[in-house]
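Novice: Below is a structure I'd like to ask you about.
The values are calculated or read from the model by the stated rules, or taken from the named source; none is laboratory data. Predicted model, so just to flag it, every value in this text is computed and none were measured. Reconstructed Cβ throughout: ideal geometry from the backbone, glycine too, with neighbour counts over all protein chains shown. These area figures cover heavy atoms from the full protein model, side chains too; ligands, DNA and RNA do not enter into them. Shrake-Rupley method; radii C 1.70, N 1.55, O 1.52, S 1.80 Å.
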Amino acid sequence: MRIDKFLSNMGFGSRKEVKVLLKSKAVEVNGTVVRDPKIHVNEQSDKVEVNGEAVEYVEFIYLLMNKPAGVVSATEDNYDRTVIDLLKDEEKHFNPFPVGRLDKDTEGFLLLTNDGQLAHELLSPKKHVDKTYFAHIKGTVTDEDVAAFEKGVVLEDGYATKPGKLTVLKSGPISEIELTITEGKFHQVKRMFISVGKEVTYLKRLSMGPLSLDPALALGKYRHLTEDELELLKQRK
């Protein structure tokens, strides 16, 4: 890989800005000052330093976010803030995207990455990746609802969902539940409850596949996945 591309990918600016950096003699490769932007480096084995600080090449990033309500799960939007707007520049330059969607008014677990292959694995209907949600429901959730969800319910457009595991945490005028599903149809959780005559008033995703929302993450905050978490994701392949 050319040194200017290497440094640009690592967040040191545009190719033009990197050329200025190189001319300033701030860049060393294996202990030798490099000024030519066309020089190639091995991103895995060569030691690249900028102003004496080692630069480790990273191709993919994996971020776990606690998405707040009012923010859309998209890379860009003409009207609303997106989850990308919540990232720092050092993450934005990797061009990550949300893996799957969370509705604008839904909170909770959201994975962002620039690893298209891993995203495909998690989103493929053939993979049956579990997604668990916590919700407030307007209306008393009953054992009959649990049984209906266990068989799969028919949505308003005639689509029959795959079975879902519904757990009632609190039953009453405003019920509290957890629901695990393996699909990701548009507004699916809300539409499943509509099918049994009830309304979701608050929705939060707790987990996706082997990963769960970090309770230490405040709304709107994010962190990089740990090596153990990343290994759990890749084991699904």
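Novice: Assuming a ≥ b ≥ c are the square roots of the Cα gyration tensor eigenvalues, decide whether the stretch 100-226 counts as rounded (a/c under 1.5), prolate (otherwise, with a/b larger than b/c) or oblate.
Specialist: Judged from the Cα gyration tensor, the stretch 100-226 comes out oblate (a/c at least 1.5, b/c at or above a/b).
Novice: Now for a different question. How big is the dipole moment of the chain about its Cα centre under a simple scheme where the beta carbon of each Lys and Arg is +1, that of each Asp and Glu is -1, and everything else is neutral? Debye, nearest 20, please.
Specialist: Using Cβ point charges on Lys, Arg, Asp and Glu, the chain gives about 440 debye.
Novice: Of Arg81, Arg15, which has the most accessible area with a 1.4 Å probe, and how do the rest follow in descending order?
Specialist: Output order, biggest surface exposure first: Arg81, Arg15.
Novice: If I take every Cα pair under 8 Å that is 6 or more residues apart in the stretch 52-93, average their sequence separation and divide by the length, what percent do I get for the relative contact order?
Specialist: 25
Novice: Let me ask you something else. Report Rg (one decimal) and Dmax (nearest whole number) for the chain, counting Cα atoms only, units Å.
Specialist: Just the Cα atoms of the chain yield Rg and Dmax of 22.6, 72 Å.
Novice: Okay, moving on. Using θ = phi - 60° and the Karplus form 6.51 cos²θ - 1.76 cosθ + 1.60, what ³J(HN,Hα) does each residue of the stretch 120-129 get, whole Hz, x for Gly and Pro?
Specialist: 4, 4, 6, 9, 4, x, 5, 7, 6, 6
Novice: Hey, any idea what % of the stretch 163-237's accessible area is carbon plus sulfur with a 1.4 Å probe?
Specialist: Carbon and sulfur: 54 percent of the exposed surface of the stretch 163-237.
Novice: Keeping all protein chains in the complex and leaving out DNA, RNA and ligands, what accessible area do you get for Met192 with a 1.4 Å probe, in Å² to the nearest 10?
Specialist: 0
Novice: Another question, if that's okay. Using a 1.4 angstrom probe and counting only protein chains, how large is the accessible area of Leu232 in Å², to 10?
Specialist: 70
Novice: Quick one: which of Lys92/Lys127; Lys16/Lys47; Lys5/Lys221; Lys127/Lys162; Lys67/Lys234 span more than 18 angstrom between C-alpha atoms?
Specialist: Over 18 Å apart, Cα to Cα: Lys92/Lys127; Lys16/Lys47; Lys5/Lys221; Lys67/Lys234.
Novice: When the solvent-accessible surface of protein heavy atoms is calculated with a 1.4 angstrom probe, in what order do Asp143, Asp103 fall, highest first?
Specialist: Asp143, Asp103
Novice: Quick check: with the 1.4 Å probe, what order do Tyr79, Tyr62 take by accessible area, largest first?
Specialist: If we order Tyr79, Tyr62 from most to least accessible, we get Tyr79, Tyr62.
Novice: I would also like to ask the following. Gap in Å between the Cα centre of the stretch 151-220 and the Cα centre of the stretch 90-139?
Specialist: 14
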